[in-house]
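The block underneath contains the structure these notes are about, expressed in structure tokens.
Bear in mind these aren't lab numbers, they're just calculated from the coordinates by the rules spelled out. Source: prediction; values computed, not measured. Note that each Cβ is placed from the backbone with ideal geometry, even for glycine, and that neighbours are counted across all protein chains shown.
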Amino acid sequence: MLSRDRRSPVRSGETSRARWLLADRVSRTLSEAGVPGLPLAEERVVRIAVPVGRMNPFRWLGGQRLFPKLYWSGREDGLMVAAAGAADLLEGDFLEGAEALHKRISPLLASGDPELRYYGGLRFDPLREPEGDWVPFGAYRFVMPRFELRVGGDAATLVCNLVLPRDAERHAEILEEIEHLSFPREAAGAVPAPVSRDDAPEPPGWRSNVERALSAFSEGRLGKVVLARRAEFDFAEEVNATLLAERLEEETPDCFHFYVEPEEGVAFVGASPERLFRREGRSIRSEAIAGTRPRGASEADDAELRDELLRSEKDRTEHDYVRISIRETLEPLCDELEIEKGVSEMKLARGRHLRSMVRGMLREGVTDAEVLYALHPTPAVGGYPKEEALAEIRALEPFDRGWYAGPVGWIGAEGSEFAVGIRSGLVRGSRLALFSGAGIVAGSVPEDEWAEIEQKIGDFVRVFGLEPGYATR
């Protein structure tokens, strides 16, 4: 959650000095860059950073008119990054192989700065054609930002990333972008209440989908499949996506928070409790997460719900599929791999899950792209076996998941981190589409799975000041 200090507006004098200092350093660096046009292998990145005092990253992000925009905060490290513009952009309408993606993303990271990152992610299902509002996101998209506001503790730093000598040709353009950087001082408003809601599928279609999955289990074709729903809310006015993201972060501590706006007016926003993986050097961490219960209204209710989850045979079965799949996926990539034998409770502000920790040591030469492609999608968002579950999802779900349940995060030279893009929504104008899913295994009850998804959507619904289960027609 943002502290009160980080919400304090910066003084205009501070921002004017920061803008002048950044422009001066950038101009001198570009003037000394040399002749542009060198081959990619000889390009390098120079990061220029200036302090800007205390600042709210969401307000800053909302004030920028440079695209793409993004925001990332991890679950543990306390660093919040808001970014606008692109020093380098890698994107595609179809998902390339791991080796091809690594070759595209690695040259500039060789500059060696440990804080240099590409932020981005992948579609959940690269074989499905992007539809509607998901088209601007492509099959994958990774951005080295032009400008980053990095907030940690009581201070913020404004960073400009320059790709040299390439950016020497953009000297005037980059200085103009610095001149137009905005540092809003006004307080945030309120997120409006929606005026209508539509579900896809609606209850009869959901029951039919779950029953078809149960038949596949009894026939031995599947062990688990994660089926999702889309709840689309309409508003009487345009939704302020950065304000929505700020309120969501306040409501959902101990989560990964992300915001991706590839072009003006369409943004993917989320608060995910689930890590796909984190790499530090060759060390890798992941986690098997499955099974869901809400938090209780009292200590006694809370303890009862915790014990119910820990004893649930159905949820244990669902969780075991995730553990098995992660082991099968990571063992070929690791010299060492340890998966926690038991399960523990992952307790959040609004819910709880079963979790087993995963730790390993990657083999020499294994890339982030290889790990990313191998792990995604885990059975926590797809199913088991993977390909059979994906085929079932394509056949049953009446909407494009887009980046929902896909990997969202960053890649650097010395480390990387990705969350699973769940508990998320897509904002376009006055519409917000929320996505959430439930793991279906033998013994699942359609009505119970519907209720579980409503509880997950509830984190977003509370941002509007409403209770979970809200529906208006």
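Below are the figures for this structure:
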item: Cα gyration tensor shape for the chain, rounded if a/c is under 1.5, else prolate or oblate; result: prolate
item: Net charge contributed by nearby residues that have their C-beta within less than 9 Å of M361 (K/R +1, D/E -1); result: +1
item: Between helix 203-218 and the chain: long-axis angle, C-alpha atoms, 0 to 90°, nearest 10; result: 70
item: Degrees between helix 241-251 axis and first principal axis of the chain (Cα, 0 to 90, nearest 10); result: 60
item: For region 4-179: relative contact order, % (alpha-carbon pairs under 8 angstrom, 6 or more apart); result: 36
item: Within the chain, helix-based [θ] at 222 nm, where runs of 4 or more DSSP H residues each add -39,500 (n - 2.57), nearest 500; result: -9500 deg cm²/dmol
item: Whole-Hz ³J(HN,Hα) from phi, Karplus 6.51 cos²θ - 1.76 cosθ + 1.60, for region 88-102, glycine and proline x; result: 8, 10, 10, 8, x, 8, 9, 7, 6, x, 4, 5, 5, 5, 4
item: Local electrostatic count, E397, Cβ distance below 12 Å [Lys/Arg +1, Asp/Glu -1]; result: +2
item: Cα centre as origin, Lys/Arg/Asp/Glu Cβ charges: the chain dipole, Debye; result: 820
item: Charge context of H376, other residues only, Cβ under 11 angstrom, K/R +1, D/E -1; result: +1
item: Ranking of W20, W60 by count of other Cβ atoms within 10 Å, fewest first; result: W20, W60
item: Distance in nm between pseudo-label sites at R316 and V195 (7 Å out along the Cβ direction from Cα); result: 5.1
item: Lysine pair number, Cα distance threshold 24 Å (strictly under), the chain, separation 8 or more or different chains; result: 12
item: Residues in region 128-166 reached by a label modelled at R65 [backbone nitrogen below 18 Å; 7 Å Cα→Cβ]; result: 147
item: Selection from G415, W450, A200, by position along the positive dipole direction of the chain (Cβ); result: G415
item: Folded to 0 to 90 degrees: helix 299-311 orientation relative to the chain principal axis, Cα; result: 70
